[in-house]
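The values are calculated or read from the model by the stated rules, or taken from the named source; none is laboratory data. Nothing here was measured: the structure is a model prediction, and the numbers come from that model. All Cβ positions, even for glycine, are placed from backbone atoms using ideal geometry, and neighbour counts span all protein chains on display.
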Amino acid sequence: MFRPKIPTMPTPTGHVTPSVVEPTTVVPAAQTPPPAPVAPAPAPARPTVQLTPGTALALVGGGTAVVLVVGAVLVSMLLAVATTGASVAVCAVVLRSLLASETKRR
């Protein structure tokens, strides 16, 4: 079950057919004149983005909301880490106290 299965190779026949490479002559191509320069196509006219006072106010409000949400998430993550650290510290103090009181009884 755990033995690898080695593929069997067909036995070589000993006949090798060499590939024959015949030299060819290089025929130069006929000289063609270079193409005439073509005028560049005009770029399509893109509409200009105009910021109205209402649009600017909406952008500022959206940016402020994003900053506040990201800040609240980061602060809550920091608070979760701090709470976990404090609880682990309290558990360590309680265990130390229990172990110390047990060694005093003996």
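Each row is one residue, and each column tells you yes or no for (1) under 40 Å from the mean Cα position of the chain (by Cα); (2) at pLDDT 95 or above.
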site: 39; (1), (2): no, no
site: 55; (1), (2): yes, no
site: 72; (1), (2): yes, yes
site: 82; (1), (2): yes, yes
site: 89; (1), (2): yes, yes
site: 101; (1), (2): no, no
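Going by what's in this entry, would residue 20 be described as loosely packed, with under 10 Cβ neighbours inside 10 Å, among the β-branched types (Val, Ile, Thr), part of a loop (DSSP other than H, G, I, E, B) and modelled with pLDDT of 75 or more?
Here the answer is no, as residue 20 does not meet what is asked.
Does at least one position in the stretch 82-103 carry a residue that is outside any helix (DSSP H, G or I) and among the charged types (D, E, K, R)?
The answer is no; no qualifying residue exists.
Would you check which residues across the stretch 24-65 are among the aliphatic types (A, V, I, L, M) and exposed (fewer than 10 other Cβ atoms within 10 Å of the Cβ) and list them?
26, 27, 29, 30, 36, 38, 39, 41, 43, 45, 49
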